[in-house]
Amino acid sequence: MKKVNVGIDLGTTYSAVALFDEGTSKINILKNEIGEETTPSVVYIEGGQILIGQEAKDLQASGNTNTASFYKSQMGEPNYSAYLDGKDYSAEDLSAIFLENLKKQIEESNDVEIEGAVITCPAYFNEAQRQATIHAGERAGLKVLKILNEPTAAIIAYGLTGVGTKNVMVYDLGGGTFDVTIAKIVGPNVTPLCTNGNHQLGGRDWDRALIDFVVDKFNSEFGIDITAYPEDFNELMVKCEKAKKVLTNVPSTNIAIQCDGMYGKYEITRADFDRATENLLNETMLLTEQCFTEIGGGFSWKNLDEVVLVGGSTRMPQIAEAVEREFGKKPRIIGNKVDSIVAAGAAMQAHLCKFGTLTLNPVNLGMANFSGGEKPAAFTLSNNSIKDITSHSLGLLIWENDESDKLINSIVIKKNSNVGEDFDKSYSYQGTKMEAYVLQGETEDPYDANILYKYEITGFPSGKNQVVVSYLYNQNGVVEVKAKIQGGQSLNVKQCPITESLSEIEARLKKEKAESRKPVFDVTFMIDISGSMYGSGIRAAVQAVEEFVNQIDLSFTHVSLISFNENCQMVLDHEQNKSRIMSAVNALDADGGTSADPFNHYLRYYRMNTSGGAKPKFSLKSAFGGGGSVQAGTEIIIVLTDGEWWEPEVAKNSANDVKNKGATIYAVGVADSNQSFLNQIASPGCAKKVDLSQLVTTFKSIGSSLASGN
């Protein structure tokens, strides 16, 4: 039995396996057990029996719920699972099962032993999706030689390399994913310029649009929602998929529906179908235009020499028509090879991985399409001939600057950079252990990115250092990280599990940074915004807080703001930026309801400074005319209310808990507030009822007292 290395197109709807025959310089698409070149990417599991391909697809069409398809687009998604035969399966699990059984079929049907494989994936797959694809291949018993972007595989196999210089676009619309890649080709060398896509957009979305179109017609005629009848709806889905394929070759077709004793038959024209799916087609065109923008320099359709259609869904006439409208010329379509061309390119890459070079004759390949002129001669590819680019930017989670409390995604590798090259970025750092979070995303906002990895970097010399962090997207599009002191020693880099969400990481890092700065005060305002504060009450409160802030040095103070009525909201958390504080304060408005307990909210969501050690004390007598002393560095809470609260005993108990943790509470009351209640929630000597006209003066007095320490 011959040992071989193959290319596998692990497709959303169909998969294919190909082998490059070195003796003939031809590609052989290896057939499955029923003699087909493509295998439906459907898995069936029941009673311990596993089926894949057409048998599984037929069972799915009959309504069997122990089948799964379209799992490829969910690769790397932790929240996806398919429930088959009493067990949950991830997309990686299903891909591994499918690949293992596909490998067995191909080996038995072609009398070969598959040793290694290049597996393709959409160019727009992210890190998690690529890792999941690698793991699935390995679990299937394959030696994964490389993960290759599908458009790059198509460029190789279409015989677009070897002759002249040209700009080529590959428009790849499969069953569940869409990619568009633009590449510059110089002789045998392929250099992608830009890639874009949507791994949740594909032919099945066109199916769904047609399904919705017919469901609406049936519902309008009979008042029956067929989606509530699983068996009938499943039959309709199968009919709509077939109708889509029929409309590729004829201008109209009929779809018949039976449900709840009613029968409907509807003519569907290609024009109807095109109108129903126009928004989907437009999305692919917008992603294409985005590629032009990212390339820059006024690049547009006119700069393209060829457009190649890849993926089974490009058989829909609307695709070629739309491309021709924009491009001004017909796109390149290679007969019935759109389903196997990606596997063919992967097979060539598998040969390159093993032997380093590959001699091709585009005529012998049977993939090239020549419209006239001299046919290209044979040429040789090497591993260096085929380059790839990153489909997503890669960054490091850092502070915006030394003084800032804003975390950003500091981009190290920009989208569309070359794969396999090191990219460095230098950062200032003082400490012994640096936490490095690797993010994948296109903007500086970390919440628009995905956290890929956490690393601990150690081995720093004492003092402040310039740290150079190096990122590398390897040939599989998977991230590698290194670090060193600028111009000096390498640092230890250890990968660690990620146990926190981004919001939890941000909260922890902010707290650590706040503690490292050792601000004198953490001041929290709790402002009553119940209905009785409407009008002059809330206006006076806003003015009073503003005057307080004007009295203090924000470089030594963190300001937080909680608004409360029957609900509590942390409006501002540990802020030192004056403009952001004033903006939040000015946005306060009475919001109705009654007053509830804000201290419980404070205890649950606000991390209090409980660090030990002696701290200087000073008197606050000048603020309220006597009583109490406050430690510098402890929490100061200033409560403003205009009446007694709902469940006051609960509020008093919560206030005591806050005070027991070391906080000082000022309670300022206006209007119908009760002095006795204020005394009970406040720290000793820190409660006062005043007129609205005295509110500003009272807050200024507290602020001056804290600022001066008198």
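Output needed: percent of Cα pairs per 10 Å distance bin for segment 29-119, bins running from 0 to the one holding the longest distance.
Once binned at 10 Å, the Cα pair distances of segment 29-119 give 16, 47, 31, 6.
Residues with amide H under 5 Å of residue 63's amide H, sequence separation 5 or more or different chain, H placed in the peptide plane at 1.01 Å from N; which?
Placed amide hydrogens put nothing under 5 Å from residue 63.
Averaging sequence separations of C-alpha pairs under 8 Å and six or more residues apart, then dividing by the length of segment 1-140, give the relative contact order as a whole percent.
28
If contacts are Cα pairs under 8 angstrom and at least 6 residues apart, what is the relative contact order of the chain in percent?
Computed over the chain, the figure is 10 percent.
Would you mind giving the average projected area, over all directions, of the Cα convex hull of the chain in nm² with one decimal?
Result: a mean projected hull area of 40.2 nm².
How large, in percent, is the carbon and sulfur part of the accessible surface of segment 119-178 at a probe radius of 1.4 Å?
In segment 119-178, the share of accessible area belonging to carbon and sulfur is 46 percent.
How many nm is it between the label spots at residue 2 and residue 359, if each spot is 7 Å from the Cα in line with the beta carbon?
1.8
Roughly speaking, what is the stretch gain from residue 55 to residue 450, that is 0.36 nm per residue apart minus the C-alpha to C-alpha distance, in nm to one decimal?
Length gained between residue 55 and residue 450: 138.4 nm.
Give the accessible surface of the chain per residue, rounded to a whole number of Å², with probe radius 1.4 Å and ligands, DNA and RNA excluded.
43
Can you tell me the orientation of helix 230-246 relative to the chain, as the angle in degrees between its alpha-carbon axis and the longest Cα principal axis, to the nearest 10?
60
Positive end of the charge dipole of segment 181-309 (Lys, Arg +1 and Asp, Glu -1 on Cβ, about the Cα centre): tell me which of 256, 304, 285 has its Cα farthest that way.
304
Using a 7 Å offset from the Cα along the Cα-to-Cβ direction at both residue 293 and residue 660, what is the distance between the two label points in nm, to one decimal?
For the pair residue 293/residue 660, the computed spacing is 5.7 nm.
Check residue 562: other-chain or 5+ apart residues with amide H under 5 Å from its amide H, H built from backbone geometry?
For residue 562, the qualifying residues are 525, 526, 527, 571.
Using a Förster distance of 51 Å, how high is the FRET efficiency between residue 556 and residue 229, based on the Cβ-Cβ distance and rounded to 0.05?
About 0.15, to the nearest 0.05.
Working from Cα positions, state the angle (0 to 90°, nearest 10) between the long axis of helix 502-517 and the longest principal axis of the chain.
The angle comes out near 40 degrees.
For the chain, which cysteines have no second Cys with its Cβ under 4.7 Å from theirs?
121, 240, 259, 353, 496, 568, 686
Would you mind computing Rg(Cα) / (2.2 N^0.38 Å) for segment 395-476, counting N as its residues?
1.12
Between residue 217 and residue 507, what is the spin-label point distance in nm, taking each point 7 Å from the Cα along the Cα→C-beta axis?
Using points 7 Å along Cα→Cβ, the separation is 5.3 nm.
How long is segment 295-357 along each principal axis, judged by its Cα atoms, biggest number first, in Å?
Sorted from largest, the Cα extents of segment 295-357 read 42, 32, 14 Å.
Considering the options 39, 102, 579, tell which one lies farthest towards the positive end of the dipole of the chain, charges being +1 on Lys and Arg and -1 on Asp and Glu at the Cβ, about the Cα centre.
Result: 579, furthest along the dipole toward the positive end.
With contacts defined as alpha carbon pairs under 8 Å and 6 or more residues apart, what's the relative contact order of segment 207-348 in percent?
17
Would you mind checking the tilt of helix 341-355 against the longest principal axis of the Cα atoms of the chain, expressed as 0 to 90 degrees and rounded to 10?
On a 0 to 90 degree scale, this one is about 90.
Report the FRET efficiency, 1/(1 + (r/R0)^6), for residue 286 and residue 248, where r is their Cβ-Cβ distance and R0 is 30 Å, rounded to 0.05.
0.80
Is there a quick way to get the dipole size of the chain? I mean about its Cα centre, with the Cβ of Lys and Arg at +1 and of Asp and Glu at -1; what is the value in debye to the nearest 20?
2240
Heavy atoms only, probe 1.4 Å: what % of the accessible area of segment 184-238 goes to carbon and sulfur, would you let me know?
Carbon and sulfur together cover 50 percent of it.
I want the antiparallel fraction of DSSP beta bridges within segment 475-611, as a percent rounded to 5.
45
Among the aspartates and glutamates, select those whose C-alpha is under 19 Å from the C-alpha of residue 689, and discard any that sit fewer than 8 residues away in the same chain.
528, 547, 597, 642, 644, 672
Run the helix sum for the chain: -39,500 (n - 2.57) per DSSP H stretch of 4+ residues, divided by residue count, reported at 222 nm to the nearest 500 deg cm²/dmol.
So the helix-based figure for the chain works out to -10000 deg cm²/dmol.
Kindly write out, for segment 566-578 in residue order, the coupling ³J(HN,Hα) from the Karplus curve 6.51 cos²θ - 1.76 cosθ + 1.60 (θ = phi - 60°), rounded to whole Hz, with x marking Gly and Pro.
For segment 566-578, the Karplus curve yields 6, 10, 10, 9, 7, 7, 9, 10, 6, 9, 10, 7, 4 Hz.
What FRET efficiency would be calculated for the residue pair residue 263, residue 324, taking the C-beta separation as r and a Förster radius of 45 Å, to the nearest 0.05?
0.65
Taking N as the number of residues in segment 144-230, what value does Rg over Cα atoms divided by 2.2 N^0.38 Å take?
Taking the Cα Rg and dividing by 2.2 N^0.38 Å, one obtains 1.67.
Excluding same-chain residues fewer than 8 positions from residue 217, which lysines have a Cα within less than 27 Å of its Cα?
Counting by Cα, and skipping residues close in sequence, residue 217 has these lysines nearby: 239, 242, 244, 245, 265.
If packing is taken as the average count of other Cβ atoms within 10 Å, what order do 450-457, 646-653 fall into, highest mean first?
Answer by packing, highest mean first, reads 450-457, 646-653.
Roughly speaking, what is the stretch gain from residue 499 to residue 690, that is 0.36 nm per residue apart minus the C-alpha to C-alpha distance, in nm to one decimal?
63.9 nm
What is the Å³ per residue value for the convex hull set by the Cα atoms of segment 519-569?
Cα convex hull per residue, to the nearest whole number: 60 Å³.
For the chain, give the share of DSSP beta bridges that are antiparallel, in percent and rounded to the nearest 5; count only bridges with both residues there.
70
Could you work out what % of the accessible surface of segment 393-460 is carbon and sulfur, using a 1.4 angstrom probe and leaving DNA, RNA and ligands out of the count?
42
Just the Cα atoms of segment 425-580: what Rg and Dmax do they give in Å?
My reading of the Cα-based Rg and Dmax gives 21.3, 66 Å.
Taking 0.36 nm per residue of sequence separation and subtracting the Cα-Cα distance, how much length would be gained by fully extending the chain between residue 26 and residue 184, in nm to one decimal?
Extending this stretch completely gives an extra 54.4 nm.
The values are calculated or read from the model by the stated rules, or taken from the named source; none is laboratory data. Because the structure is a prediction, the values reported are computed rather than measured. As a convention, Cβ positions derive from the backbone with ideal geometry for all residues, glycine included, and neighbour counts pool all protein chains shown. Heads up: the accessible areas ignore ligands, DNA and RNA and are worked out on the full protein's heavy atoms, side chains in. Shrake-Rupley method; radii C 1.70, N 1.55, O 1.52, S 1.80 Å.
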